[in-house]
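The values are calculated or read from the model by the stated rules, or taken from the named source; none is laboratory data. All of these numbers come straight from a predicted model, not from anything done at the bench. In this analysis, Cβ positions are derived from the backbone assuming ideal geometry, glycine residues included, and neighbour counts consider all displayed protein chains.
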Amino acid sequence: MKKQYTTLFLLLTFSIGQAQKDKFNLLIGTYTKGCESKGIYVYEFDSKTGDFSFKNASEKTVNPSYLTVSDDNKFVYSVNENGAQSKVSSFGFEASSGKLDLLNSQDSEGADPCYIINDEKNVIVANYSGGNISVFGKNNDGSISEAKQVIQHYGKGSDAKRQGGPHVHMVHFSPDNKFVLSNDLGNEKVYSYKYNSSSASMPLKLKDSISLRPGSGPRHLTFSKDGKYVYVLQELNGALTTFCYSKGKLKKVDETTILAKDFKGTFTSADIHISPDGKFIYASNRGEANDISIFKILKNGRLESKGQTSTLGKGPRNFAIDPTGNFLLVAHKYTNDIVIFKRNQETGAITDTGKRIELCSPVCLVFTEN
């Protein structure tokens with residue numbers, strides 16, 4: 001009898017452990033000025049069922065439109081996109097409860113920050129309207145210092161309305177953390193910076209840059225799972241370009257489009273992500289398109305189109321694939337919801353689950369440990 005109880009106890013413990021492994025925190029950044037929002041929301045997401053439940057929210061914080069979480073899962077860093085008054089904020093984060101406590105905020109040193117990353121030493125921000133990159137040091141308590149480096153971009157593109165000056169749209173660590181890549185939508189370049197995380201005043205040093213096709217507008221990029229390729233999504237012409245990558249250098253190898261062959265309407269490409277297994281790449285498109293394009297990644301890094309799927313909302317600025325690869329969630333800025341799609345891991349196809357998270361102007365989705 002004692003042996004049976006022990007076996008049952010072990011099975012129960014194992015089952016609980018497995019159930020916990022299926023659940024993640026989903027952090028959501030929002031715009032707060034167009035509708036009622038506290039800023040950052042935390043939900044528990046079940047990657048086995050696609051179910052979710054509200055856990056917590058920040059106190060009122062202005063337009064936390066992009067978020068990043070520290071590797072130890074104890075701190076959250078956000079931009080506060082607010083024109084010339086834009087800031088960058090740090091929060092203490094309790095993963096179990098989802099509680100967020102504001103630690104401090106600093107001037108972003110550039111208008112309208114739109115992307116943010118962090119590592120053990122620094123927080124790095126792309127300022128869109130400011131056309132620059134700001135680097136903030138981390139203090140021991142997780143708060144951030146004043147900007148210790150600001151790198152200003154220069155130049156403009158061929159679209160006078162959208163590219164009258166530099167517009168830094170993204171910063172991204174290389175897989176080995178030795179470089180930071182940055183897309184500039186305004187001057188149509190992808191920059192590569194040598195990264196020294198321990199430097200007190202100049203952690204970023206320009207290594208190289210590459211120009212893209214006039215009128216393209218590079219917005220977001222992602223690395224292949226093996227780190228050999230970089231995929232750059234261009235907002236203005238819908239192009240998706242494949243580059244070979246090595247030691248901070250990019251070399252173009254292929255280019256395709258995220259637009260359907262018969263599409264005639266307006267569009268603005270937005271976000272790009274690779275599935276956790278590295279087999280598929282997804283890109284979102286806004287305007288009148290409002291869809292997700294799906295590509296199979298071939299052995300040579302090139303892409304094979306698998307078509308487009310409607311996101312069932314308007315303004316899919318950001319989306320995320322859960323860490324297990326079972327679900328793809330799309331945040332709609334204009335229809336105020338997050339649509340949950342089931343993902344077929346064999347074909348890459350996504351299908352609507354009918355499940356929705358209703359929330360004011362969601363624009364950033366980040367999964368973390370529960």
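Counting only residues that are over 16 Å from Leu103 (Cβ atoms) and among the polar types (S, T, N, Q), which one in segment 117-169 is surrounded by the most Cβ atoms within 10 Å (Cβ to Cβ)?
Asn127
Assigned to a loop (DSSP other than H, G, I, E, B), among the hydrophobic types (A, V, I, L, M, F, W, C), more than 30 Å from Phe54 (Cα to Cα) and in contact with a helix residue (DSSP H, G or I) (Cβ under 9 Å, 6 or more places away or on another chain) - does that describe any residue in segment 144-163?
Within segment 144-163, the subset assigned to a loop (DSSP other than H, G, I, E, B) is 153-163.
Add one more test, that the residue is among the hydrophobic types (A, V, I, L, M, F, W, C), and what stays is 160.
Checking the rest, the ones that are also more than 30 Å from Phe54 (Cα to Cα) come to 160.
Now restrict to residues that are in contact with a helix residue (DSSP H, G or I) (Cβ under 9 Å, 6 or more places away or on another chain): none.
No.
Answer yes or no: is there a residue in segment 196-209 that is surrounded by fewer than 16 Cβ atoms within 10 Å (Cβ to Cβ), of a type in the set (Lys, Arg), at pLDDT 95 or above and not in a strand (DSSP E or B).
no
Every residue, every condition in (1) among the charged types (D, E, K, R); (2) surrounded by 19 or more Cβ atoms within 10 Å (Cβ to Cβ), yes or no:
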residue: Lys279; (1), (2): yes, no
residue: Leu303; (1), (2): no, yes
residue: Gly307; (1), (2): no, no
residue: Phe327; (1), (2): no, yes
residue: Gln345; (1), (2): no, no
residue: Asp352; (1), (2): yes, no
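Could you tell me how many of the residues in segment 45-59 are surrounded by 17 or more Cβ atoms within 10 Å (Cβ to Cβ), in contact (Cβ under 8 Å) with a residue 60 or more places away in the chain and not hydroxyl-bearing (Ser, Thr, Tyr)?
Summing the residues that are surrounded by 17 or more Cβ atoms within 10 Å (Cβ to Cβ), in contact (Cβ under 8 Å) with a residue 60 or more places away in the chain and not hydroxyl-bearing (Ser, Thr, Tyr) in segment 45-59 gives 3.
Going residue by residue through segment 355-364, is there one that turns out to be assigned to a strand (DSSP E or B), among the hydrophobic types (A, V, I, L, M, F, W, C) and within 22 Å of Asp277 (Cβ to Cβ)?
We begin by selecting, within segment 355-364, every residue assigned to a strand (DSSP E or B); these are 355-358, 362-364.
Filter again for among the hydrophobic types (A, V, I, L, M, F, W, C), leaving 357, 363-364.
Applying the additional criterion that residues be within 22 Å of Asp277 (Cβ to Cβ) yields none.
Checked against the condition, which is being assigned to a strand (DSSP E or B), among the hydrophobic types (A, V, I, L, M, F, W, C) and within 22 Å of Asp277 (Cβ to Cβ), segment 355-364 yields no hits at all.
For segment 286-305, state whether one or more residues are polar (S, T, N, Q) and within 23 Å of Val79 (Cα to Cα).
So the first thing to find is which residues in segment 286-305 are polar (S, T, N, Q), and the list is 290, 293, 300, 305.
Checking the rest, the ones that are also within 23 Å of Val79 (Cα to Cα) come to none.
There is no residue in segment 286-305 that is polar (S, T, N, Q) and within 23 Å of Val79 (Cα to Cα).
Considering each of Pro218, Pro166 in turn, give the residue that is out of contact with any His (no Cβ under 6 Å at 6 or more places or on another chain) and under 22 Å from Pro113 (Cα atoms).
On the way: Pro166 fails: out of contact with any His (no Cβ under 6 Å at 6 or more places or on another chain).
After applying the criteria, what remains is Pro218.
Identify all residues within segment 176-195 that are under 30 Å from Leu236 (Cβ atoms) and either touching an Asp or Glu at 6+ places or on another chain (Cβ under 6 Å) or not in a strand (DSSP E or B) (or both); write none if there are none.
Going residue by residue through segment 176-195, those that are under 30 Å from Leu236 (Cβ atoms) are 179-195.
Across segment 176-195, the qualifying residues are Leu185, Gly186, Asn187, Glu188, Ser192.
Can Gly301 be described as closer than 17 Å to Lys225 by Cβ, in contact with a Ser or Thr (Cβ under 9 Å, 6 or more places away or on another chain) and not aromatic (Phe, Trp, Tyr)?
Values: closer than 17 Å to Lys225 by Cβ: yes; in contact with a Ser or Thr (Cβ under 9 Å, 6 or more places away or on another chain): yes; not aromatic (Phe, Trp, Tyr): yes.
Judged against the criteria, Gly301 is a match.
Within segment 143-198, how many residues are over 20 Å from the mean Cα position of the chain (by Cα) and within 21 Å of Glu81 (Cβ to Cβ)?
So the count comes out to 17.
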